[in-house]
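What follows is one structure encoded as structure tokens, with my remarks underneath.
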Amino acid sequence: MTKTFSRFAFAIVRAGALICMVLLLSGLGLAQKVVTARATIPINFWAEGHEFQAGDYVFDNEVPGSASIHREGTNSAIGVSIILYAVPSEKENPRVIFARRDGKYFLIELWGVQDRHVVTAEFQHRGKVSEQQRQVPLTIAESHDR
């Protein structure tokens, strides 16, 4: 009986080790690139129902599926839901894109060096270019894997 019990205990330990290894290896593929970027926005703009005044802003994507926006020198930030919609074949200059509607500019896209994100509420307009858009370059301040 003790021989059967020790085999059973050993089998449980092996199964637990295997599960831990699978979880560890699967987490490696989910690593996220966290990017903090800065931009001087020359216009008032809207995002997630909030109006932002022209000025210097910080954008980061520390929380998956969203980007936070806050004015330089302040601690309060607004989270904006974003969706990855394109991975260009070559690196691009990072930028934020605003669309003008009813006399107001709305944040519609965030382009990184290797990806393009659309603000969730603007998903149906992704990738469209019009005369009513403004593009502002982003300067990458920090980038690291999480």
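The values are calculated or read from the model by the stated rules, or taken from the named source; none is laboratory data. Since the structure is predicted, the reported quantities are computational estimates derived from the model, not experimental observations. A quick note on method: Cβ atoms are made from the backbone with ideal geometry, for glycine too, and the neighbour counts reach across all protein chains shown. Just the protein is used for accessible areas: all its heavy atoms, side chains included, with ligands, DNA and RNA removed. Shrake-Rupley method; radii C 1.70, N 1.55, O 1.52, S 1.80 Å.
Quick one: which of 53-61, 76-84 comes out on top by average Cβ neighbours within 10 Å, and what's the full order, highest first?
Values: 53-61: 16.4, 76-84: 14.7.
Sorting 53-61, 76-84 by mean packing, highest first, produces 53-61, 76-84.
Could you tell me the accessible area of Arg38 in Å² (1.4 Å probe, neighbours in place), rounded to the nearest ten?
Surface open to solvent at Arg38 totals about 100 Å².
Expressed as a whole percentage, what fraction of the accessible surface of the range 55-136 belongs to carbon and sulfur atoms when a 1.4 Å probe is rolled over the protein heavy atoms?
Details: 2170 of 4710 Å².
The value for the range 55-136 is 46 percent carbon and sulfur by accessible area.
Heads up, I need the accessible area for Lys91: 1.4 angstrom probe, whole protein in place, Å², nearest 10.
The accessible area of Lys91 comes to roughly 140 Å².
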